[in-house]
Amino acid sequence: MVDFGLIDEWRPTAGRVTTWSMSPNALDRAARAPVHPVPPSHQQEEYLRTALRNADAGFRFSRLCLLAFDFQGPLHADALGRAINGFLRRHDTYRSWFSLEDDGTVARHVVTPETIEMTPTSYGELSGAEIVAHVQETTPGPFRWDCFTFGAVERDTGFTLYAAVDHLNTDGMSQAMTCRELISLYLGEAFGADTELPEVAGYLDYCAHERSVSAGLDHDSPHVRRWLDLVRADGGRLPSFPLPLRSVDGDDDEAYTRSAHRSAVIFDEAAAQRFAEVGKAHGGNMIGSLLAVAAVVAQEFTGRSSYLGMTPKSTRGEGPGRNSIGWFTSLIPVPIEVGADVPFTSLVGPAFQSYLAGKELTDVSFHRVLQLVEPGDGIDVAPGWSVPMVSYIDVRRLPGVELLDAIDVNLFGNRGSSEEVFLWVNRFPKETMISFLFPDTPQAHESIERYLEAFTRIMNQVATTGDYRTVVPAAAR
């Protein structure tokens with residue numbers, strides 16, 4: 001079982017809490033680490049700059065990612081401490097910290113694996129609500145090296161293990177792999193189980209590769225031109241959610257809009273397989289079919305025939321990189337043309353081909369593209385930009401997925417600030433779920449319910465009948 005949502009929605013059972021955090025000695029040694037020649041990834045750099053611009057928000061603006069799952073049996077605290085340290089030393093993203101230099105650059109500092117020394121602190125018996133607050137209050141923000149903590153909540157029947165990591169060092173796939181690795185390492189340290197883990201690649205190597213690609217781009221590079229052409233065709237601005245997120249009278253027009261969450265089951269695995277087969281039979285795949293659904297929904301709400309979808313693409317690659325922890329994602333564009341009163345099956349193939357074309361831009365960060373924009377390009381994108389995103393993960397294919405059915409897994413994020421709508425479709429062995437992260441306004445809640453109804457209705461009709469014919473929008477009739 002896997003539960004998604006916001007950390008505020010986490011309902012841990014009360015217990016005795018022990019938290020592992022970086023030792024004072026390790027922090028002192030890390031503070032003296034020199035600047036490293038490899039800068040942060042483009043995504044990391046923009047994330048840090050956005051966090052810095054919003055340092056006075058009055059709440060944690062950066063994303064805190066929480067993974068929590070249950071063990072049966074008593075806690076072997078010393079073994080868990082060794083497992084946590086072994087995990088962190090294995091992945092070099094946890095050896096970096098960042099500083100803003102006098103010249104305005106964001107610099108990386110790197111410590112040796114031996115510097116990492118997480119030590120335990122006991123906090124005694126805490127209630128469920130106190131645990132939720134404790135995890136957030138004891139995990140520093142992204143400009144601190146130690147922006148990650150680990151802990152155990154002990155009870156008579158077992159314990160819950162949690163990992164709270166700033167988004168700077170993790171992503172969705174990383175959280176799933178963290179679960180697998182911590183279990184393996186703990187079982188090895190506590191019981192001598194075979195804990196041979198796959199080889200991993202370095203996140204620093206990935207950042208160096210990304211920056212090398214970026215250094216070879218200029219305004220006239222073909223991939224840069226494609227990005228610019230797509231955004232220019234969409235009015236020079238990035239796309240926005242097709243329904244209103246704030247009221248027109250401005251009642252919910254606050255400086256910061258906190259995040260809200262909504263999840264629902266789309267259909268069971270039998271229906272998911274039928275939906276996937278429809279896409280495959282018409283020249284598509286699952287992500288192409290989902291983006292086609294998003295395009296149809298947008299067309300039916302707005303009347304616009306052109307849809308510019310955005311979807312995250314994993315940049316891990318194959319080999320050791322596939323098993324690495326870090327923020328290995330890029331955002332790619334997927335433009336789709338949608339007409340009124342046309343069959344869904346006629347859109348699936350072109351949507352998939354558009355997705356394949358978008359994959360060619362995986363290594364071309366849009367953050368880098370914006371650095372190359374010239375005044376005459378007609379591009380109007382402000383710093384800290386955000387776009388609606390459609391993500392698909394086939395959880396069945398993740399390494400160690402068999403563990404998810406055996407333990408109670410929670411994947412939560414903090415209630416930061418939201419300006420746009422992020423949509424995830426996750427296919428599990430028994431069911432497919434849809435989750436939204438969106439601005440917590442009355443208007444947005446209403447819009448998400450309308451969008452959810454349309455999105456799931458179309459998917460279920462395709463799964464049931466094999467097709468769906470787009471509707472002429474009321475505004476265009």
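Let's see how each residue does on (1) open to solvent by less than 10 Å² (accessible area, probe 1.4 Å); (2) out of contact with any strand residue (DSSP E or B) (no Cβ under 9 Å at 6 or more places or on another chain); (3) part of a helix (DSSP H, G or I):
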site	(1), (2), (3)
Trp145	no, no, no
Tyr162	yes, no, no
Ala176	no, no, yes
Cys179	yes, no, yes
Leu185	no, yes, yes
Val213	no, yes, yes
Phe241	no, no, no
Residues within region 304-343 that are open to solvent by 30 Å² or more (accessible area, probe 1.4 Å) and either in contact with a Pro (Cβ under 9 Å, 6 or more places away or on another chain) or in a strand (DSSP E or B) (or both), tallied: 14
Looking at region 261-273, I want the residues that are open to solvent by 70 Å² or more (accessible area, probe 1.4 Å) and have a partner that is of a type in the set (Ser, Thr, Tyr) with Cβ atoms under 9 Å, at least 6 apart or on another chain. Which pairs are those? Arg262/Ser435; Val265/Thr432; Val265/Thr456; Asp268/Thr432
Just the residues that are open to solvent by 10 Å² or more (accessible area, probe 1.4 Å) and of a type outside the set (Asp, Glu), please, taken from region 82-98. Arg82, Asn85, Gly86, Arg89, Arg90, Arg95, Trp97
If you go through region 92-136, how many residues are over 26 Å from the mean Cα position of the chain (by Cα) and either among the aromatic types (Phe, Trp, Tyr) or closer than 18 Å to Leu75 by Cβ (or both)? 8
Is it the case that Val364 is surrounded by 20 or more Cβ atoms within 10 Å (Cβ to Cβ), part of a strand (DSSP E or B) and at pLDDT 95 or above? no
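I need a count of the residues in region 10-24 that are in contact with a helix residue (DSSP H, G or I) (Cβ under 9 Å, 6 or more places away or on another chain) and either of a type outside the set (Val, Ile, Thr) or closer than 24 Å to Phe87 by Cα (or both).
The number of residues fulfilling the criteria is 10.
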From the set of residues in region 297-312 that are in contact with a helix residue (DSSP H, G or I) (Cβ under 6 Å, 6 or more places away or on another chain) and either at pLDDT 95 or above or among the β-branched types (Val, Ile, Thr) (or both), which is farthest from Val342 (Cα to Cα)? Gly309
Residue pairs, Cβ under 8 Å, 6 or more apart or interchain, first in region 45-60 and open to solvent by less than 60 Å² (accessible area, probe 1.4 Å), second part of a helix (DSSP H, G or I). List them. Glu45/His367; Glu46/His367; Tyr47/His167; Tyr47/Leu168; Leu48/Leu168; Arg60/Gln136
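Rundown of residues vs (1) over 20 Å from Gly5 (Cα atoms); (2) outside any strand (DSSP E or B), yes/no style:
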position	(1), (2)
Ala68	no, no
Phe71	yes, no
Gly81	yes, yes
Tyr94	yes, yes
Arg108	yes, no
Ala133	no, yes
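The values are calculated or read from the model by the stated rules, or taken from the named source; none is laboratory data. Remember, predicted model here, so these are calculated numbers, not experimental data. Counting neighbours? That spans all protein chains shown, and the Cβs are built from the backbone with ideal geometry, glycine included. Quick note on the areas: whole protein, heavy atoms, side chains included, nothing else; ligands and nucleic acids left out. Shrake-Rupley method; radii C 1.70, N 1.55, O 1.52, S 1.80 Å.
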